[in-house]
């Protein structure tokens, strides 16, 4: 219910409902775990519906469609409603970032000149004239080809070798554009050495690494040259959107389709997670329960080089965009698709065909999951439940999977299994559907406001717990991180403000306190995602940039300001409103509130354990090194990595008990014992009063 505040790549489309946003962390891939994490893409979303926007009847995004779509963004945005000079400057800056994200193609003087040119182009676009975008694009293609030639000339020299003494500032924004041709050439040499070092660290031989790097730059030039006018228009429109704030975006129809899959946790296809590496479509994961999993013919690390439909010749997909590859592989349930596979084995490279019949796939690894762990405290064994919730998923079709229904079922199981305590793991939860977050919050409290949503200057509206029941009233610990964002911050914030749970993990959550609405385009052009509102915790505080602070901090490699809303370009400032927390519910609550004394006791015990744990000492060392280096990579460190045992990828580690999860369970065990002691003391106090 609602009330006014002062009254109380994997392979769907939701017609106008949610879309997704990817936050690009500022460090490219390399073998070190922290850097690999910084390169991750994390989806953060919290959405409300809006009406459709005007668009042409064409299937491609044409230039004359841009002005009305830009007006739609300004009409609905929470803060910006006109295109003034300041915002124009941000649009140009945002678009330049897309043209040269690594700041390698342009010298500073060229970038300054281009900035002035793009201001003129923007005024032309507002009149429906995009010829300036095409001219700029041709210049980018020319410069990319020149860089490709430079790379070929360097690594093609017989005496080329990596200089291990090279240091490289990774973040282009900190590095800036080179000021002279000599600076640019020195940067090129450093980047080449850095990229070759990364290849060598994976086990490639020097000649193989050179070939891979040349192919990488050749492929980049080719893909840039093949971009179509509608793709250029889409890039500009997305740049315009993100100049408003980090979470406003333009989404193509394919992006919207991907969101439906991630939200509904179901698709029709064969069940493979793919990545693109040097022109090859590589199998990252065979999704459990999917058609490929049942077929047993495809394995992780396989390269797919061709895709064939029934009755048609196979299509060569080497160097094809991953988006187009996925489109070929997806299809209706019951139809066959043939994959041509390259697989490396001890005997060399195998090439073979696999035919798989498409079927519905449940993306179980993204669904809520429950397991039980046993902890012994003072000679007593405690049964602790761990409920992992990776996102707030769902579909407008009530017959399809909903996160709140899954969590409701699992919480009933927690009660049936007589668990002594519950750990709610939101550490990988980037958000999802607002309604789901509100409903799940209500499973842990009897009644009250969960979140307030304010659109522009309108009166904030409070979304309340939709029922007066409680599914779980026992000891509750919530594990968060700086990846925990958006809708998951609503849940964590409500549980904290109602003194219902102990929040543990990174020092704060991501800090995304904005709400996005999706405007579907009527002609299959995709959708506009627009930041239309801010949300507030029951205490009246915004999570925007500030996040939800933890009660007990646990060291982790994500515990850095680089993981946070405040590090994003054009992040909106936080605000506050009057609290809407009704304290009568605290007095009537069937749980003992989390008091400052409880937090202090748990924190002291945790900090003592952490100080004597080897894994956390290593985490603290990594954080200290990262802070000291300030984003500078030493090539000698990368080259050393090839002689070390490789650490597991983040993706493969998410199902393991991490040191952070282990410590969160220790905190929960301490909390269970402390809660029992408090209950006994409270009972004795009540007896004395009687």
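The values are calculated or read from the model by the stated rules, or taken from the named source; none is laboratory data. Remember, predicted model here, so these are calculated numbers, not experimental data. Here Cβ is always computed from backbone atoms with ideal geometry, including for glycine, and neighbour counts include all displayed protein chains.
Going by the conditions given, is residue 118 in contact with a helix residue (DSSP H, G or I) (Cβ under 7 Å, 6 or more places away or on another chain), over 30 Å from residue 515 (Cβ atoms) and crowded, with 17+ Cβ neighbours inside 10 Å? Judged against the criteria, residue 118 is a match.
Residues that are surrounded by 11 or more Cβ atoms within 10 Å (Cβ to Cβ) and at pLDDT below 85 within region 656-680 comprise just one, 657.
All told, residue 510 meets the bar of being crowded, with 24+ Cβ neighbours inside 10 Å, out of contact with any strand residue (DSSP E or B) (no Cβ under 7 Å at 6 or more places or on another chain) and at pLDDT 95 or above.
Residue 127 satisfies every condition listed in (1) under 24 Å from residue 525 (Cβ atoms); (2) assigned to a helix (DSSP H, G or I); (3) more than 29 Å from the chain's Cα centre (by Cα) except (2).
Here's a check for you: in region 354-376, which residue that is outside any strand (DSSP E or B) and modelled with pLDDT of 80 or more is surrounded by the most Cβ atoms within 10 Å (Cβ to Cβ)? Filtering region 354-376 for residues that are outside any strand (DSSP E or B) and modelled with pLDDT of 80 or more, the one surrounded by the most Cβ atoms within 10 Å (Cβ to Cβ) comes out as 368. Checked against (1) over 30 Å from the mean Cα position of the chain (by Cα); (2) part of a loop (DSSP other than H, G, I, E, B); (3) surrounded by 16 or more Cβ atoms within 10 Å (Cβ to Cβ), residue 320 meets all criteria but (1).
Checked against (1) touching a strand residue (DSSP E or B) at 6+ places or on another chain (Cβ under 9 Å); (2) over 30 Å from residue 663 (Cβ atoms); (3) surrounded by fewer than 20 Cβ atoms within 10 Å (Cβ to Cβ), residue 462 meets all criteria but (3).
Taken over region 143-166, the criterion of being within 34 Å of the chain's Cα centre (by Cα) and surrounded by 14 or more Cβ atoms within 10 Å (Cβ to Cβ) is satisfied by 143, 144, 145, 147, 148, 151, 162, 164, 166. Which residues, counting only those in region 169-219, are crowded, with 19+ Cβ neighbours inside 10 Å and in contact with a strand residue (DSSP E or B) (Cβ under 6 Å, 6 or more places away or on another chain)? Within region 169-219, 170, 194 qualify. One residue is enough: does region 593-612 have a residue meeting the conditions touching a helix residue (DSSP H, G or I) at 6+ places or on another chain (Cβ under 8 Å) and under 17 Å from residue 442 (Cα atoms)? Yes, because at least one residue in region 593-612 is touching a helix residue (DSSP H, G or I) at 6+ places or on another chain (Cβ under 8 Å) and under 17 Å from residue 442 (Cα atoms). Only residues that are assigned to a helix (DSSP H, G or I) and at pLDDT 90 or above were counted across region 563-602, and they come to 10. Taking region 457-495 as the range and being in a strand (DSSP E or B) and over 30 Å from residue 679 (Cα atoms) as the test, the residues that pass are 461, 462, 463. For region 294-313, filtering for residues that are within 28 Å of the chain's Cα centre (by Cα) and within 17 Å of residue 271 (Cβ to Cβ) leaves 6.
As a summary of the residue check, residue 27 satisfies the conditions (1) over 20 Å from residue 130 (Cα atoms); (2) at pLDDT 50 or above except for the one numbered (2). When restricted to residues that are on the phi > 0 side of the Ramachandran plot and at pLDDT 90 or above, region 270-300 contains 1. Assess whether residue 531 counts as being assigned by TED's automatic domain parsing to the domain that holds residue 424, closer than 19 Å to residue 241 by Cα, at pLDDT 95 or above and surrounded by 24 or more Cβ atoms within 10 Å (Cβ to Cβ). When the stated conditions are applied, residue 531 passes them. Given the structure, is residue 351 on the phi < 0 side of the Ramachandran plot and outside any strand (DSSP E or B)? Criteria not met by residue 351.
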